[in-house]
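Asker: Let me give you the structure first, and then I'll get to my questions.
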Amino acid sequence: MYWEESKECMTREDLEQLQLERLQATLFRVATHVPFYRNTFRKMKVDPDGFRSLAELRSLPYTTKEDLRQNYPYGMFAVPLRDVVRVHASSGTTGMATVVGYTKNDIKNWAGLVARVLTAAGLTKDDVVQIAFGYGLFTGGFGLHYGAELLGASVIPISSGNTRRQIQIMQDFKTTALVCTPSYALVLADTMLEMGINTNALSLKYGLFGAEPWSEAMRQEIRNKLHITPTDNYGLSEIMGPGVAGECRECNGLHINEDHFLVELVDPDTLEPVEPGEVGELVITTLTKEAFPVIRYRTRDLTRLLPGVCPCGRTLQRMSRVMGRTDDMLIIKGVNVFPSQIENVLFEIEGTAPHYQIVVERQDHQDKATVLVEVNESLFFDEMKKQRALVEEIKKRLATELGIAVEVRLVEEKSLERTEGKSKRVVDKRKI
Ligand code: DLL
């Protein structure tokens, strides 16, 4: 068990005092070491030394993904690279990734927060944890791995994919906790049922799912098929990765690790705070990050802060499951995809018109994305061989750019719907 009672069950007053102290230290750190913040503070006449109450948070600037992009790769780091022990990255809006770094201490804190989330979900050192998130630049695999190890659990770092092997290992190694995206949990469940495996006979007890949106209906389906208690956990690379918030066994919202992250909910248009209980965009300020602190980061994720106390004893504020995004970012097979990335690829390929549409469906719980691409008339009536070569070329380039395989279909010029205003680039048919 990884139960930090002195932090997870604090009174609001003590928590706010801790947050204020940590925020003051963070402001000092970014003003001293990150030119972006130093300049923005100067422009906005923010005096980081004169910061006396949490209410003053609203006078601080927001940070957006675009700001991070403009400081690619290391411009937002608050420590020299020699103090950075790990680098991760997430996809950016125009093909440029957002690079994030961690000091030794950041990694230690990260593991602790993930261990908290795992404990809240019910795990202990007696568990055998199968981590079916990708290991690599994505924060999911390593983030959960370090947390589970700190907890003392037995970790199986199987990484993502290879469903039959996952199932074999789950049976043979007596996995008790599955960690992956919720949609992949259903793929595993359905494959097992197809294979005639009695899921009741598995050792599986827990499922920690995150990295993509899901619903209560999906939770119910996973519960019924795998006979486990699925819990939701949330995070994002720009803030840390997994470990930002997670559900406890009550399954009534995700406890936010507020001693490390200060949250606000704002109206995405006016940027004014929303009324208590209303849906708003989650804005997060990191309180302990050394290598990559961020001030008022606009996550683009929509959620609600939940009222009342949780029977589990944690006093940390709960948020509802993420209900959607305020931008056009899609999460396909757990991978973040921006339509603008597709546009960039097509722009570089001769013969394609700058009109495309991405259609996302869910078949057998698996995401399937098809990009419809308008091609010049001459090409459309060209021989099949040429068309096929073009499809392959686009597929290959898209796979490299997006990190996932997508289908490509060529369509005639002007056949995709044109609208007066914003063109409809995305058709998301997934019902989750
Ligand atoms: O997905 C970190 C993570 C890994 C969280 C494993 C949980 C488990 P990114 O790749 O940067 O980081 O994507 C972050 O994914 O802004 C949300 O839009 C979405 N997201 C993450 N967790 C959830 C969730 C990781 N539980 C983006 N529910 C975020 C809904 C989620 N959406």
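Asker: Only one of ARG298, ARG318 is more than 29 Å from ALA78 (Cα to Cα), in the same structural domain as LYS108 (by TED's automatic domain parsing) and surrounded by 21 or more Cβ atoms within 10 Å (Cβ to Cβ). Can you tell me which? I'd like the intermediate steps shown before the answer.
Answerer: Details: ARG298 fails: more than 29 Å from ALA78 (Cα to Cα).
Exactly one of ARG298, ARG318 is more than 29 Å from ALA78 (Cα to Cα), in the same structural domain as LYS108 (by TED's automatic domain parsing) and surrounded by 21 or more Cβ atoms within 10 Å (Cβ to Cβ), namely ARG318.
Asker: Failed condition for PRO293, given (1) free of Cβ contacts under 8 Å to residues at least 60 places away in the same chain; (2) buried (at least 21 other Cβ atoms within 10 Å of the Cβ); (3) assigned to a loop (DSSP other than H, G, I, E, B), with all others met?
Answerer: Going through (1) free of Cβ contacts under 8 Å to residues at least 60 places away in the same chain; (2) buried (at least 21 other Cβ atoms within 10 Å of the Cβ); (3) assigned to a loop (DSSP other than H, G, I, E, B) one by one, PRO293 breaks only (1).
Asker: Of everything in region 388-400, what is among the charged types (D, E, K, R) and under 11 Å from LEU346 (Cα atoms)? Give them in sequence order.
Answerer: Pass one, region 388-400, residues among the charged types (D, E, K, R): 388, 392-393, 395-397.
Selection gives GLU393, LYS395, ARG397.
Asker: Only helices (runs of 4 or more DSSP H) wholly contained in region 85-181 count here; list those with 1 or more residues that are at pLDDT 95 or above and within 16 Å of the ligand (Cβ to nearest atom).
Answerer: Numbers: elements: 104-120, 139-151, 163-172.
Correct list: 104-120, 139-151.
Asker: Spot the failing condition for VAL46; the list is (1) open to solvent by 10 Å² or more (accessible area, probe 1.4 Å); (2) closer than 30 Å to PHE209 by Cβ, and only one is missed.
Answerer: It is condition (2) that VAL46 fails.
Asker: I've got another one for you. I need the full set of residues from region 257-290 which are open to solvent by 10 Å² or more (accessible area, probe 1.4 Å), of a type in the set (A, V, I, L, M, F, W, C) and touching a residue at least 24 places away in the same chain (Cβ under 8 Å), in order please.
Answerer: LEU262, VAL263, LEU265, LEU271, VAL279
Asker: Can you tell me which residue in region 374-395 is surrounded by the fewest Cβ atoms within 10 Å (Cβ to Cβ), limited to those that are out of contact with any strand residue (DSSP E or B) (no Cβ under 6 Å at 6 or more places or on another chain) and among the hydrophobic types (A, V, I, L, M, F, W, C)?
Answerer: Ranking the qualifying residues of region 374-395, first place goes to MET384.
Asker: So, one more: Answer yes or no: is there a residue in region 307-315 that is within 11 Å of the ligand (Cβ to nearest atom) and either open to solvent by 10 Å² or more (accessible area, probe 1.4 Å) or of a type in the set (A, V, I, L, M, F, W, C) (or both).
Answerer: Within region 307-315, not a single residue is within 11 Å of the ligand (Cβ to nearest atom) and either open to solvent by 10 Å² or more (accessible area, probe 1.4 Å) or of a type in the set (A, V, I, L, M, F, W, C) (or both).
Asker: For region 301-312, give me each residue that is assigned to a strand (DSSP E or B), touching a residue at least 40 places away in the same chain (Cβ under 8 Å) and either not charged (D, E, K, R) or not assigned by TED's automatic domain parsing to the domain that holds TYR234 (or both). Quick ask: steps written out before the conclusion?
Answerer: Pass one, region 301-312, residues assigned to a strand (DSSP E or B): 301-306.
Applying the additional criterion that residues be touching a residue at least 40 places away in the same chain (Cβ under 8 Å) yields 301, 305-306.
If the condition is that a residue be assigned to a strand (DSSP E or B), touching a residue at least 40 places away in the same chain (Cβ under 8 Å) and either not charged (D, E, K, R) or not assigned by TED's automatic domain parsing to the domain that holds TYR234 (or both), then LEU305, LEU306 are the ones that fit.
Asker: Pick out the one residue from GLU56, GLU4 that is in the same structural domain as GLU290 (by TED's automatic domain parsing), free of Cβ contacts under 8 Å to residues at least 24 places away in the same chain and closer than 23 Å to LEU316 by Cα. Outline the logic, then answer.
Answerer: Details: GLU4 fails: free of Cβ contacts under 8 Å to residues at least 24 places away in the same chain.
Every option except GLU56 fails the conditions.
Asker: Report, by residue number, each residue of region 226-249 that is assigned to a strand (DSSP E or B), of a type in the set (Ser, Thr, Tyr) and open to solvent by 10 Å² or more (accessible area, probe 1.4 Å). Break it down into steps so the answer makes sense when it comes.
Answerer: Within region 226-249, the subset assigned to a strand (DSSP E or B) is 229-236, 241-247.
Within this subset, residues satisfying the condition of being of a type in the set (Ser, Thr, Tyr) are 229, 231, 234.
Correct list: THR229, TYR234.
Asker: Select from region 196-220 the residues that are open to solvent by less than 60 Å² (accessible area, probe 1.4 Å), more than 12 Å from the ligand (Cβ to nearest atom) and not small (Gly, Ala, Ser) and list them in ascending order.
Answerer: Scanning region 196-220 gives ILE197, THR199, LEU202, LEU204, TYR206.
Asker: When you go through (1) touching a Lys or Arg at 6+ places or on another chain (Cβ under 8 Å); (2) within 17 Å of CYS251 (Cβ to Cβ); (3) open to solvent by 30 Å² or more (accessible area, probe 1.4 Å) one by one for ASP190, which number turns out not to apply?
Answerer: Failing condition for ASP190: (2).
Asker: Can you confirm whether GLU238 is more than 15 Å from the ligand (Cβ to nearest atom), under 22 Å from ARG304 (Cβ atoms) and in contact (Cβ under 8 Å) with a residue 12 or more places away in the chain? Let's see the steps before the verdict.
Answerer: On the way: more than 15 Å from the ligand (Cβ to nearest atom): no; under 22 Å from ARG304 (Cβ atoms): yes; in contact (Cβ under 8 Å) with a residue 12 or more places away in the chain: yes.
Against the criterion (more than 15 Å from the ligand (Cβ to nearest atom), under 22 Å from ARG304 (Cβ atoms) and in contact (Cβ under 8 Å) with a residue 12 or more places away in the chain), GLU238 does not qualify.
Asker: Please go through region 316-336 and pick out each residue that is of a type in the set (Lys, Arg) and more than 8 Å from the ligand (Cβ to nearest atom). Write out each step before concluding.
Answerer: Narrowing region 316-336 to residues of a type in the set (Lys, Arg): 318, 321, 325, 333.
Listed by number, the residues that qualify are ARG318, LYS333.
Asker: Another one. Please state which of the following conditions GLU258 fails to meet, knowing it meets all the rest: (1) modelled with pLDDT under 95; (2) more than 15 Å from the ligand (Cβ to nearest atom); (3) part of a loop (DSSP other than H, G, I, E, B).
Answerer: It fails just one condition, (1).
Asker: Closer than 25 Å to ASP367 by Cα and either within 21 Å of the chain's Cα centre (by Cα) or basic (Lys, Arg) (or both), is that true of LEU265? Explain how you work it out, then say what you get.
Answerer: Numbers: closer than 25 Å to ASP367 by Cα: no; either within 21 Å of the chain's Cα centre (by Cα) or basic (Lys, Arg) (or both): yes.
Criteria not met by LEU265.
Asker: Going through VAL359, VAL408, VAL371 one at a time, which residue ends up being within 23 Å of GLY334 (Cβ to Cβ), touching a residue at least 60 places away in the same chain (Cβ under 8 Å) and in contact with a strand residue (DSSP E or B) (Cβ under 7 Å, 6 or more places away or on another chain)?
Answerer: On the way: VAL408 fails: touching a residue at least 60 places away in the same chain (Cβ under 8 Å); VAL371 fails: touching a residue at least 60 places away in the same chain (Cβ under 8 Å).
Within the list VAL359, VAL408, VAL371, the selection yields VAL359.
Asker: Checking SER6 against (1) assigned to a loop (DSSP other than H, G, I, E, B); (2) hydroxyl-bearing (Ser, Thr, Tyr); (3) closer than 18 Å to PHE261 by Cα, which test does it fail?
Answerer: It is condition (1) that SER6 fails.
The values are calculated or read from the model by the stated rules, or taken from the named source; none is laboratory data. Since this is a predicted model, take the numbers as computed values, not measurements. For neighbour counting, all protein chains shown are included, and Cβ atoms are generated from backbone atoms with ideal geometry for every residue, glycine included. Accessible surface areas use protein heavy atoms only, side chains included; no ligands, DNA or RNA. Shrake-Rupley method; radii C 1.70, N 1.55, O 1.52, S 1.80 Å.
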